């Protein structure tokens, strides 16, 4: 069972997505990794979110960056948005993700900050799986 679903909006987001999955797997966390656009694959995205057994979603998106918000609108599980720099220094994506309507929150990390997204997912999971706490402390000591 995947504990985290990592969803990227397009193939151009692949580097960030793979980095997220790699870090999560280093913590022993199973991931489900998908390329699903909120605009190009809305029905497939809807079906995936509704049927996912993931406990946390991480969504990477640039430009209009609708993906994290669309996922959040379809689940009450935590959603972490990663704005990707495509144009305008990523400010367009950052503002799209952070300005969610009341009642549909998306935790948002900095532009291209895939590492904080992965670590935040681990911190959320550590509330349920205490064995992750020591791994988090070890990761912080690496700095």
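Labels on offer are [x] 11.7; [y] 8.1; [z] 9.4, and the one holding mean projected area of the Cα convex hull in nm² computed from this structure is [y]. Normalising the average separation of contacting C-alpha pairs (under 8 angstrom, six or more residues apart) by the number of residues puts the relative contact order of segment 4-141 at 23 percent.
Going from the residue with the fewest nearby Cβ atoms within 10 Å to the one with the most, 141, 34, 40 rank 141, 40, 34.
For the chain, the longest principal axis of the C-alpha atoms and the axis of helix 42-51 are separated by about 30°.
A convex hull fitted to the Cα coordinates of segment 95-143 yields 79 cubic angstrom per residue. Computed from the Cβ-Cβ distance with R0 of 35 Å, the FRET efficiency linking residue 140 to residue 46 stands at 0.40. Note on residue 53/residue 88: beta-carbon distance plugged into 1/(1 + (r/R0)^6) with R0 of 35 Å gives a FRET efficiency of 0.45.
Values in this text are rule-based calculations from the coordinates and carry no lab data. These figures come from a predicted structure and were not determined experimentally. Glycine gets a Cβ as well: all are built from the backbone with ideal geometry, and neighbour counts include every protein chain shown.
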